[in-house]
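For reference, the structure is listed below as structure tokens.
All of the numbers you see were taken from the coordinates with simple rules; none came from a lab. Keep in mind the model is a prediction, meaning the values are calculated, not measured. Here the Cβ is made from the backbone with ideal geometry for all residues, glycine too, and neighbour counts use every protein chain on show.
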Amino acid sequence: MFYHFGKYVLFLKRVFGKPDKHSVFLNQIIKEVDLLGINSLGIVLIISVFMGAVVTLQTAYNIDMPFIPKYTVGVAARDSILLEFSSTMVCLILAGKVGSSIASEIGTMRVTEQIDALDIMGINSAGFLVMPKVIAMVFITPLLVIISMGIGIAGGYLAGSLTGEVPAAEYVYGIQYGFRPFYITYSLIKSVVFAFIISSVSAYWGYYTSGGALEVGRASTKAVVTSSIFILLFNLLLTQLLLA
């Protein structure tokens, strides 16, 4: 564990070195935003709408008591989506989709000696390949989380209205009741930290792959598992720091 931690820190030092050409660097960031972020929008939308619907219906079924007002379903669904689901759950899904993609892409470049060719040409291969991915993920993930929040709340509204479990007026009143804007700030802070973890940890495992195609697959698996574990760990730490 300590070996990999030290190696990871040295890897980050190389990643955040000065870019060789700023124009190429900016083009790479735009490309990675499209590949890693925009291409993930579809799965984020699908997960969010069903996530909001399920949270709303489960809350409505579990508090189906005459002395509890219906608008509390909207309050519970809003807080669950804003505080946890749209940040942590979406980033866990991105760890599987984006993390495996980054690790397999860089790992393939390593085993086919493309990274060695960059090093021979005097290019900082870690910075050239990894830093645009890290910056792109840190930039686009909060936007995906904001979209997920809106779609999740809309999914809960549709589920409650179509099933008749939560009247539309009660749900809308609930999502407005006692709203704390800091919940959104809290989720965005978490999304930035999680995005950095996903991109850097996945790139680390891919960059130090050795062998052939089998090792690339193993590196991809390690990237997803390690990223998910650290997302859950930092979720606990950030909750303690920001909400306690």
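Ordering 161-168, 122-129 by mean Cβ neighbour count within 10 Å, with the highest value first, yields 122-129, 161-168.
Segment T112..E215, full-extension length gain: 35.9 nm, with 0.36 nm per residue of separation and the alpha-carbon distance subtracted. Relative to one another, the C-alpha centroids of region 1-45 and region 95-113 are positioned 12 Å apart.
The smallest convex shape that holds all Cα atoms of the chain, its convex hull, gives 140 Å³ per residue.
Applying 1/(1 + (r/R0)^6) with R0 = 41 Å to the Cβ-Cβ distance of A168 and I189 gives a FRET efficiency near 0.80. The fewest-to-most ranking of Y177, Y71 by surrounding Cβ atoms within 10 Å reads Y177, Y71. Modelled label positions at Y208 and Q176, each set 7 Å beyond Cα in the direction of Cβ, lie 5.4 nm from each other. List, in the order given, every pair from K21/K190; K13/K222; K21/K222 whose Cα-Cα distance in the structure shown is over 29 Å. Pairs exceeding 29 Å: K21/K190; K21/K222. For every other residue with a beta carbon closer than 11 angstrom to the beta carbon of E105, add +1 if it is Lys or Arg and -1 if Asp or Glu, then tell me the sum. Here the count lands on +1.
Axis angle, to the nearest 10 degrees, between helix 2-15 and the longest C-alpha principal axis of the chain: 80 degrees.
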